[in-house]
Structures are given as C-alpha cells and as structure tokens.
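*Asks:* I'd like to ask some things about the structure below.
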Amino acid sequence: MVIKQTAGHDQLGEFAPLFAEINDDVLFGQVWNDEALDPKMRSMLTVTTLVAKGLVDQSFEHHMAFAKGNGVSAKEMAALLTHVAFYAGWPNAWAAFRVAKSVYGD
C-alpha cells in the first residue's frame, strides 16, 4: 500500500510551499512509504510519540483513524495506550483514550 498525502499542498501550498512539499513528499511520500517498517508499526509509533508529547489534538485524531485504517485493532490500541500511560503520563493517556473511543467506537 502506497501512502499518498496531499494535505500540505491542499492547506498550505500557496502560503508555505516548502513546508507543504516536505510534509507531503518527504514525510509521507518517502518516510511513511519506506519498507523498513510497515504502516501499522509506523502508526503505532506515531500515536505513541504524539501521546508522549501531549499532542492530542485534531491531527492526533487523524493519526488515530489512520492507525485504525492501517490495521491497529481496538484491542491493540487499548493495550498500546495503557502501556504508554506509564511512560508518557496518565493524563496524556486519558486524553488519548477519549479520542480512541471516538475513533474506534464504544
């Protein structure tokens, strides 16, 4: 599965073309499509990193849905967030669980 991202160009192409290019063509075009890690693992790592940084915002919801689409099950996500809570902070995990429940359903 090749990941194609256009959000950078769509939202920032005229205002910040270099940022848009790096976002879409480098981060998603090259890094996300590097075969060293599969998309499921990359999604799990991305969710973990964002929770650790306390960045549970609209982009986090996108990455949570992307993780689901990349094959991370609700059971795996719950286990991931429970594990991460001990290292990234209990409040960060609570915030992430709220998004996870929204994305995965009750």
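The values are calculated or read from the model by the stated rules, or taken from the named source; none is laboratory data. Nothing here was measured: the structure is a model prediction, and the numbers come from that model. As a convention, Cβ positions derive from the backbone with ideal geometry for all residues, glycine included, and neighbour counts pool all protein chains shown. Surface accessibility is based on the protein's heavy atoms, side chains included, excluding ligands, DNA and RNA. Shrake-Rupley method; radii C 1.70, N 1.55, O 1.52, S 1.80 Å.
*Asks:* What are the semi-axes of the equivalent ellipsoid of the chain, taken as the square roots of 5 times the eigenvalues of the Cα gyration tensor, listed largest first and rounded to whole Å? Walk me through the numbers before you get to the answer.
*Replies:* Working: eigenvalues 129, 48, 30 Å².
One finds semi-axes of 25, 16, 12 Å for the chain.
*Asks:* Order Y104, Y87 by their accessible area, 1.4 angstrom probe, all chains in place, largest first.
*Replies:* Per-residue accessible area, sorted high to low, gives Y87, Y104.
*Asks:* A follow-up question, please. Accessible area of the chain with a 1.4 Å probe: how many percent of it is carbon plus sulfur?
*Replies:* Details: 4110 of 6840 Å².
Exposed carbon and sulfur together represent 60 percent of the surface.
*Asks:* Moving to a separate point now. Of the residues N92, N33, N23, which exhibits the maximal mean-square fluctuation in a Gaussian network model of the chain defined by a 10 Å Cα contact cut-off?
*Replies:* Maximum among the listed residues: N23.
*Asks:* How many angstrom lie between the C-alpha centres of the range 2-21 and the range 23-74?
*Replies:* Cα centroid to Cα centroid, the span is 17 Å.
*Asks:* Extending each Cα 7 Å along its Cβ direction at K53 and H9, get the distance between those two points in nm, one decimal.
*Replies:* Each label point is offset 7 Å from its Cα along the Cβ direction, giving 2.4 nm.
*Asks:* Multiply the residue separation of F19 and H62 by 0.36 nm, subtract the distance between their alpha-carbon atoms, and state the gained length in nm to one decimal.
*Replies:* Taking F19 through H62 to full extension adds about 13.6 nm, to one decimal.
*Asks:* If we count every other residue with Cβ under 15 angstrom of H63's Cβ, Lys/Arg +1 and Asp/Glu -1, where does the sum land?
*Replies:* +2
*Asks:* Leaving ligands and nucleic acids out of the surface, order M41, M77 by accessible area at 1.4 Å, largest first.
*Replies:* M41, M77
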